[in-house]
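A quick write-up on the structure given underneath.
Bear in mind that the values in this text are calculations on the coordinates, not laboratory data. Predicted, not measured: the structure shown is a model, and the values here were computed from it. Glycine also receives a Cβ, built like all others from the backbone with ideal geometry; neighbour counts cover every protein chain displayed.
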Amino acid sequence: MTAEEEAAVSAPPTNRFGVATPFGRLFFTWLVTIACLSSAVTWALRLRLQGTESYFLIHQDLPVLGLMLLIVWALGALTSATPIAAGGLSQRATRRLVVALAALVAITGVVGAQIVFGGYTLSLDEFMANFDARIFASGQLMAKIPVAWRDDVPALQPMFTLPVPDHAYWASSYLPVNAALRALARR
């Protein structure tokens, strides 16, 4: 086999976008997703449908998805043009790279949640997990409700709470594993 043939065999496969295969597939999938969402937005605007969902789709989701599309394409192009794609990294270096990237994603998520959202919980699922986490972190399984507030408990939070006789305690009816992990992180 000639040197050119060996290089062709060891080179990672590329697709029509000129990027390494996993990135190319993801790029194509997101490209189709953007096309579908853009079509939906176009029809929603033509029908004069307005609301929170369409606002966030137009001003948040599509721009972020477009940015992610560019990042995936750039990573795929970089990967197909570097020795990393041809197996130039050892297993140990590859593991370190994966751990470093995972740590970067985790740090970005934590920092982003605090800086972008100011720690505000966007869904009731997240709110209730944090609620239980605060209870668990205090060393209790349920939060005791003062006697003066017990008659008002159903009006304060009628959904997703564990029914307790006489409304003496408060806890979510969710599975507690997520809340327990969050409680451990608070300590």
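Taking the Cα centre of the stretch 90-166 as the origin, how large is its charge dipole in debye, to the nearest 20, when only Lys and Arg (+1) and Asp and Glu (-1) carry charge on their Cβ atoms?
660
How many nm separate the modelled label positions at residue 55 and residue 34, each set 7 Å beyond the Cα in the direction of the Cβ?
With each label placed 7 Å out from Cα toward Cβ, I get 2.5 nm.
Put +1 on the Cβ of every Lys and Arg and -1 on every Asp and Glu Cβ in the stretch 124-186; which of 155, 165, 135 then has its Cα farthest towards the positive end of the dipole?
135
Most exposed first by the Cβ proxy, i.e. fewest other Cβ within 10 Å, how do 25, 182 rank?
With the fewest neighbours first, 25, 182 line up as 25, 182.
Considering the stretch 124-186, what Rg and Dmax in Å follow from its alpha-carbon atoms?
Cα radius of gyration and Dmax of the stretch 124-186 are 11.5, 33 Å respectively.
How much length is gained on full extension from residue 47 to residue 120, taking 0.36 nm per residue of separation minus their Cα-Cα distance?
Extra length available between residue 47 and residue 120 comes to 23.0 nm.
How big is the charge dipole of the stretch 124-186 about its Cα centre, in debye rounded to the nearest 20, if each Lys and Arg gets +1 on its Cβ and each Asp and Glu gets -1 on its Cβ?
Taking the Cα centre of the stretch 124-186 as origin, the dipole is about 260 debye.
Scan around residue 169 for amide H atoms under 5 Å from its own, H built in the peptide plane at 1.01 Å from N, and keep only partners 5 or more places away or cross-chain.
145
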